[in-house]
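Here, each number is a calculation from the coordinates, and none is a lab measurement. Fair warning: this is a prediction, and the values are worked out from it, not measured in the lab. Because the Cβ atoms are built from the backbone with ideal geometry, glycine has one as well, and the counts that use them run over all protein chains shown.
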Amino acid sequence: MDNMLYISMTGARETSLAQANAANNLANAKTTGFKADLAQFRSMPVYGDGHPTRAFAMSERPGHNFEQGAVKTTGRNLDIAIRGEGWFVTQNEGGEEVLTRRGDLKVTANGELLNAVNQPILGEGGPIALPPFEKIDIAKDGTVTILPVGAEANAIAVVDRIKMVNPDPATLEKNQQGLFYSLEGEPFEADAAVTLESGVLESSNVSVVEELTNMITLSRQFEVQVKLMSSVEERGSALDRLLQP
């Protein structure tokens, strides 16, 4: 009975973790450029001094869904999205390069080019800073051009080029902020083959229907595991009564 109790107990615990993963995906169903986390279960033997006669359930995140989310037209010059594979580069609090698909950009009063959650957008030489301008355009290759304040209509100035990269997904891991970082710890190399489109935004690739169905399945699974633990307790109590003098 202890084997049954251990499996059901660890199964309930890991099911709770899988529910948290599904809940996080659902919470980010409307987050621009969000990539859903995957989850799976497997059984693992318990190793110790003797033979591995016990097993436990384990949930794990085998990876992420890197498929492109739906692209919606906004018509706003500072809304951009990468078509196909690729990433925009930003920085974490430690100044290390991290990746995002979020392209809802804005310009601060100091001329900093950030996305909607205040993450700096990197160019060829670091975070992009813009002088005062009357008009801004972002080309397919990421080149940022502006019409400076007070300049002639044809006095277009090239400010920088948004850094876009396309590393192997197997070398990436996701942090708690939903940004991807390199497991190798090296800066990312710009990839000229990655292009963007302006006036559009990429939505989250979370399937709400799929995640809700998954939540229902996990809830039922948790109930079964709790019932199994209760069954073990009832059997143990019955056995104790039989052994009483």
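Tell me which residues come under 5 Å, amide H to amide H, from residue 164 once H is placed; ignore anything under 5 positions away on its chain.
191
If you count, for each residue, the other Cβ atoms within 10 Å and average over each peptide, how do 207-218, 92-103, 5-16 line up from highest to lowest?
Order by mean packing, descending: 5-16, 92-103, 207-218.
How long are the three semi-axes of the equivalent ellipsoid for segment 71-202, computed from the Cα gyration tensor as the root of 5 times each eigenvalue, in whole Å, largest first?
Each semi-axis is √(5λ); the values are 26, 15, 13 Å.
In deg cm²/dmol and to the nearest 500, what is the mean residue ellipticity at 222 nm of the chain if only DSSP H runs of at least 4 residues count, each as -39500 (n - 2.57), divided by the residue total?
Calculated mean residue ellipticity at 222 nm is -9000 deg cm²/dmol.
Per-residue HN-Hα couplings for segment 223-235, Karplus 6.51 cos²θ - 1.76 cosθ + 1.60 at θ = phi - 60°, whole Hz, x for Gly and Pro?
Running phi through 6.51 cos²θ - 1.76 cosθ + 1.60 with θ = phi - 60° gives 4, 4, 5, 5, 5, 5, 5, 5, 5, 5, 4, 5, 5 Hz.
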